[in-house]
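Below you'll find the structure, written out as C-alpha cells, and then a few comments.
FYI, it's all coordinate maths here, none of it is from the lab. What you see is a predicted model; the values in this text were computed from it and never measured. Here the Cβ is made from the backbone with ideal geometry for all residues, glycine too, and neighbour counts use every protein chain on show.
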Amino acid sequence: MNPLLQKLHPYPFERWRALTEGIRPPAALAPIHLSIGEPRHATPGLVREAIGAHLDALAVYPPTIGGADLRQACGAWLQRRHGVAVDPATQILPVNGSREALFAFAQVVVDPTRPDPIVVCPNPFYQIYEGAALLAGARTALANSDPARNFAADWSLIDDATWAHTQLLYVCSPGNPTGAVMSLAEWEQLFALSDRYGFVIASDECYSEIWFGDEAPLSGLAAAARLGRHDFRRLMVFTSLSKRSNVPGLRAGFVAGSAELMRAFLLYRTYHGGAMGGLVQAASIAAWGDEAHVDANRELYRRKFTQVTPLLARVLDVRLPDAGFYLWAGIGAQCGGDDVAWAQGLLAQYNVTVLPGSLLARSAHGHNPGAGRIRMALVADPAQCLEAAQRIASYSESLS
C-alpha cells in the first residue's frame with residue numbers, strides 16, 4: 001500500500017458522524033441539515049433537456065481534451081463574466097467537477113524529489129487541498145483566516161523560508177467556509193510571491209456565482225489580466241457548475257489558465273482517465289450558455305440570507321459573508337466556546353445539523369482558527385432555512 005495514505009486525516013463529515021453517534025434528536029422536530037454544502041435548488045430544465053437530446057453520446061468514447069464546442073462555450077463564459085480572453089484550444093480543459101481536478105493538479109505540479117516540498121493552503125480550508133498535497137509527497141503550510149478582514153487568509157503568516165520551498169498555493173475565493181473574496185491587491189501580492197519563488201497558484205472559484213453586494217467576485221484570471229499577466233503564468237483557475245447551476249450530481253466544470261501548465265495537466269489526465277462524457281458535455285454547454293437561471297439562483301440565496309442573517313446575528317457572532325452560501329458564525333462563550341459540544345447540543349435538542357468549525361481547520365500559528373465557530377450551509381429551501389434559524393436562536397437563548 002502507498003505509505004502516504006497513512007498521512008491522510010479523516011474527512012470532516014466522517015469525524016462529525018463519529019461525534020454524533022448515539023445522539024437521538026427529538027422525533028417531533030423534522031431534521032434540517034445545514035452541514036453539507038450540497039445545492040438543493042431545482043436543476044434547470046435546459047440541463048435536463050440537453051441530456052435527453054444527446055443520449056447517443058453514450059455510445060462514444062469522449063476525448064480527454066473535451067469537445068471544441070464545450071471549450072468554446074467555457075471560453076465565451078469567461079469573456080462575458082470575467083472579461084478575459086483565453087484560447088479554448090490550449091488554455092481550457094473540461095473536468096469532472098472541480099474537486100477531482102483540484103486533487104489531480106497537485107499530482108502534476110508537485111515535485112517530491114526536491115527538498116522539503118510545501119503546499120500552502122488557507123486555514124480553514126477544503127480538505128481536498130491537504131489530501132492532494134500529502135499524496136503528492138508534500139507537506140502543508142497554513143495561512144489562518146483573519147477575523148478583522150471578514151476572515152480573509154492572512155498570507156503574512158507564511159515566512160520567507162516557507163515560501164522558498166513552496167511549489168503550490170491553493171486559494172479559494174469566495175472562501176469555504178468563510179465566504180471571503182480576494183481583492184486585486186491580494187492577488188497582486190500573491191503574484192509577486194509566485195514570481196519571486198516560482199510556485200504555482202491553483203484558484204478554487206466554485207462559489208464565484210453566489211454573491212450579495214453589487215460587485216461580483218474577482219477571478220484570478222481577471223486579476224492577472226488587469227495586472228498585465230495575460231499569459232496567466234503559473235496560474236490555473238478551477239470552476240464548476242455544481243453551485244452555479246445546482247447540478248452537483250452532474251460533476252462538471254473546467255480549468256483555465258497557463259497554456260504551459262495545461263499541457264502537463266492534459267498529459268496527466270490522458271492517463272488518469274479524466275475524460276468528460278458526452279452527455280455531461282452537452283448539459284455543460286447549455287448551462288454555461290445561460291445566465292437567467294444563475295441570476296434566479298443568486299436571488300434565491302440573497303432572499304434566504306436576508307431573512308436568516310439578522311435573526312442569527314441577535315444570538316451569534318455572524319454577519320453577511322462576501323459571497324458563497326455559508327454562514328460562518330461564532331458561538332462566543334456558549335458551551336464554553338466548544339463548537340463541537342455546541343453543535344452536538346443543537347442536534348440533540350432541536351434536530352438541526354451544522355458543522356463545527358474546528359473540524360474544517362488545523363491548529364497553526366498557536367490556535368485552530370475554526371474553533372468556536374460553526375458553518376451553516378443555507379442550501380435548503382427558504383422555509384427550512386428560516387425554521388432552522390429560529391431553532392438555532394431558541395437553542396442559543398437557552399444557553400445564555
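At a glance:
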quantity	calculated
Scope segment 182-193; condition touching a residue at least 40 places away in the same chain (Cβ under 8 Å) and surrounded by 21 or more Cβ atoms within 10 Å (Cβ to Cβ); matching residues	Met182, Trp187
Given (1) crowded, with 21+ Cβ neighbours inside 10 Å; (2) free of Cβ contacts under 8 Å to residues at least 12 places away in the same chain; (3) not acidic (Asp, Glu), number of the condition Val352 does not satisfy	(2)
Within segment 14-30, tally of residues that are surrounded by 13 or more Cβ atoms within 10 Å (Cβ to Cβ) and closer than 30 Å to Ala323 by Cα	4
Options Asp295, Asp317: the member that is of a type outside the set (S, T, N, Q) and over 20 Å from the mean Cα position of the chain (by Cα)	Asp317
Segment 355-400, residues that are of a type outside the set (A, V, I, L, M), free of Cβ contacts under 8 Å to residues at least 40 places away in the same chain and crowded, with 16+ Cβ neighbours inside 10 Å	Ser358, Asn368
Residue in segment 305-319 that is touching a helix residue (DSSP H, G or I) at 6+ places or on another chain (Cβ under 7 Å) and within 22 Å of Ser242 (Cα to Cα) present	no
Residue among Leu169, Leu157 that is of a type in the set (A, V, I, L, M), crowded, with 22+ Cβ neighbours inside 10 Å and out of contact with any Asp or Glu (no Cβ under 7 Å at 6 or more places or on another chain)	Leu169
Residue count for segment 199-217, restricted to those that are under 18 Å from Gln79 (Cβ atoms) and over 15 Å from the mean Cα position of the chain (by Cα)	1
Some residue of segment 97-114 being polar (S, T, N, Q) and within 12 Å of Cys172 (Cβ to Cβ)	yes
Selection status of Thr162, under 21 Å from the mean Cα position of the chain (by Cα), over 20 Å from Gly253 (Cα atoms) and not in a strand (DSSP E or B)	no
Filtered residues of segment 32-70 (kept if in contact with a Pro (Cβ under 8 Å, 6 or more places away or on another chain) and either loosely packed, with under 13 Cβ neighbours inside 10 Å or assigned to a helix (DSSP H, G or I) (or both))	Ala68, Leu70
Residue, nearest to Pro356 (Cα to Cα), within segment 1-12, restricted to residues that are surrounded by 12 or more Cβ atoms within 10 Å (Cβ to Cβ) and touching a residue at least 40 places away in the same chain (Cβ under 8 Å)	Pro12
